[in-house]
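Report on the structure given below.
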Amino acid sequence: MNRKELIKKYIEFFKSKNHKEIQNSSLIPENDPTVLFTTAGMHPLVPFLLGQPHPLGKRLCNVQRCIRTGDIDCVGDETHHTFFEMLGNWSLGDYFKKEAIEFSFEFLTKVLKIKKDNLAVSVFSGNKNAKKDEESIKVWKSLGIPKERIALLQDNWWGPAGKNGPCGPDTEMFYWKSKSEKAPKEFDPENKNWVEIGNNVLMEFVKNELGKFISAKQKNIDFGGGVERNLAVLNGLDDNYLTDCFLPIIKKIEKISGKKYGEFKKEMRIIADHIKAAVFIIADGIIPSNTEQGYVLRKLIRRTIVQGRKLNLNHFVSKIAEPVFEIYDDYKHLQKNKNKILEELKKEENKFLETLDKGIELAMKMARKNMTLSGKDSFLLYQSYGIPPEVIDEIVEEIGSNIDKEEFQKEFQKHQELSRTASAGKFKSGLADNSEATTKLHTATHLLLAALKIILKDETIEQRGANITPERLRFDFTFPRKLTEDEIKKIEELVNAQIQKSCEVIREEMSPQEAKTKGACGIFDKKYGEKVSVYTIGNFSKEICTGPHVKNTCEIGKFKITKEESSSSGIRRIKAIVN
């Protein structure tokens, strides 16, 4: 089975169970400042998991492109990926455990034809906050899964994503991958032959601000299953990189390097994974930089180049990227932005090679000057020039010097701790921050966009990104020049005038065409479903959005622009606060 067949079978199955297919959202979260990337299919659905009605109803499904960077150092084995696709189906307060488990089991055994004898499951064993998940155990047994194949684990618990919010037990499904050995009667989760192929999160609780777990008013189901891992299982492969999601890229690396995958598996896997992720990140509007998503992108490209050196590759990144566009020809935004993506990859490669050459030259000088290269110096080479430790090792070995590796490790750990501390603010609110402060700022961005169009006399201005924390909003928009102080003052005054008018914020559901006819703001491409949420603020602003919003503008407070600057070519950035 290939990638497209698996996705088609999955979507068709859940449509037959009255689920509506929703859009595959951007990798850059639209309304969530707490994470850099969309990390799961549920990510764009957070407002609806929290109780807001979804325009398409209570049963949803899709395949979602995702980026996860937590395991970036693990990439190189058979299963870890930075970019992956996730199959997902959701119940927003509709069906619960019984139907969710039955749907998953039916899809695996009837549609994918997986033998029941090769399946095992894990279920929440219970703790001081919640009891053992007896209901899920009962459902699995009713479907013919023997008790020996049901593992009870404390780890089978999801959330909340932040300090509080929806949470609950989960139940995972595993497949016995070995062809030489028959699946044992008893399920041992530690046995590497058991591969997880799907997980139903059963959101039946809410953790409140006092730390108590209470029964949720809206109980949700969130299923996730990785496309790449499932394809490997279905095709009897031990290596995800041999599926059609990766094989064309691997073959391209073999061709231009003249080397075989079997001899350079780790290096080729890292190159294939990182290039694919980089292509998708650039396609969603990010370019390499030293901050946030741009920093992750830069790191992926540079790690690719370092691995390429081991295969004697030079100026190769854009060539290796070509098969990505063929594998994922169903993502139209990839094809549309192909030239830009390849150009950005070439630019970053050239920039890094220049930096790498300077760094290597400096490393040679440092190593010649001292018989032992200090840990601080070698870490400077790593951090400022991007020279990885193994390359520094090669340089000093060539000259006959040594590296103070113990000091290097101390510097590296210090750097990691600083990075974690800096990231804490980004992630402290969890998966999505719907606090009172961010809600006010979210509504303020709608007023800001409308005010920009009026004061700058340009109806073509579009939003190009927003990042909202409880402290401030950051808003990127299309405009070719720096704003004057007078324009900034007038924009502030116009936004504050609307706040003082105490305008009601009204939410309506309608078709994208109706929203367009009524003058709502939005990029009217194929990303919208059959229905959308439109928020109207007096006769001043009308936008397609998933929220959250205040009920009346008088709740916002005083709006103040703190900074206006360039974000990138043709894109301006405004930072603002309310108090």
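Tabulated data
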quantity	calculated
Set of aspartates and glutamates with alpha-carbon distance to LYS518 below 20 Å, sequence-local pairs under 8 removed	ASP458, GLU459, GLU462, GLU504, GLU508, GLU509, GLU530, GLU543
Counting DSSP beta bridges with both ends in the chain, the antiparallel % (nearest 5)	90
Only Lys, Arg (+1) and Asp, Glu (-1) charged, at Cβ; the range 530-579 dipole about Cα centre in debye	160
Approximate spin-label separation ALA497-GLU102, in nm, with each point projected 7 Å along Cα-to-Cβ	6.0
Average accessible surface area per residue within the chain, 1.4 Å rolling probe, Å²	47
Heavy-atom SASA rank of THR38, THR546 (probe 1.4 Å, accessible area, largest first)	THR546, THR38
Order of exposure, largest accessible area first, which applies to GLU349, GLU492, GLU436 with probe 1.4 Å	GLU436, GLU492, GLU349
Difference of contour (0.36 nm per residue) and Cα-Cα distance, ASN290 to THR478	65.5 nm
Residues whose placed amide H lies under 5 Å from that of GLU21, excluding near-sequence neighbours	CYS61
Under 17 Å from LYS185, Cα to Cα: aspartates and glutamates that are on another chain or at least 8 residues apart	ASP117, GLU148
C-alpha center-to-center spacing [the range 83-98, the range 139-202] in angstrom	16
Of the GluC sites (Glu not before Pro) in the range 148-204, those whose Cβ has at most 15 other Cβ within 10 Å and which sit in DSSP loop	GLU181, GLU186, GLU190
Net charge of neighbours whose Cβ lies under 13 Å from the Cβ of CYS554, counting Lys and Arg as +1 and Asp and Glu as -1	+2
Of (i) -0.49, -1.17, -1.33; (ii) -0.82, -1.12, -1.20; (iii) -0.70, -1.11, -1.18, the label for log10 I(q)/I(0) by the Debye sum over Cα atoms at q = 0.07, 0.11, 0.12 Å⁻¹ derived from the coordinates	(i)
Computed [θ] at 222 nm, deg cm²/dmol, the chain (DSSP H ≥ 4; -39,500 (n - 2.57); rounded to nearest 500)	-12500 deg cm²/dmol
Cα pair count fraction exceeding 17 Å, expressed as % - the range 1-103	58
Relative contact order for the range 1-142, counting Cα pairs under 8 Å that sit 6 or more residues apart, in percent	20
In the range 1-63, the GluC sites (Glu not before Pro) that fall in loop regions by DSSP, at most 15 other Cβ within 10 Å	GLU30
Sequence of LYS97, LYS346, LYS219 when ordered by accessible area, the most exposed leading, probe 1.4 angstrom	LYS346, LYS219, LYS97
The range 435-579 - percent of accessible surface contributed by carbon and sulfur, probe 1.4 Å	49
Solvent-accessible surface (1.4 angstrom probe) belonging to GLU254, in square angstrom, nearest 10	50
Simple label model, 7 Å out from Cα along Cβ direction - GLN23 to SER142, nm	3.8
HN-Hα J in Hz across the range 146-158 - Karplus 6.51, -1.76, 1.60, θ = phi - 60°, x for Gly and Pro	x, 4, 5, 9, 10, 8, 9, 10, 5, 5, 6, 9, 10
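The values are calculated or read from the model by the stated rules, or taken from the named source; none is laboratory data. Since the structure is predicted, the reported quantities are computational estimates derived from the model, not experimental observations. For neighbour counting, all protein chains shown are included, and Cβ atoms are generated from backbone atoms with ideal geometry for every residue, glycine included. For accessibility, only protein heavy atoms count, side chains too; no ligands or nucleic acids. Shrake-Rupley method; radii C 1.70, N 1.55, O 1.52, S 1.80 Å.
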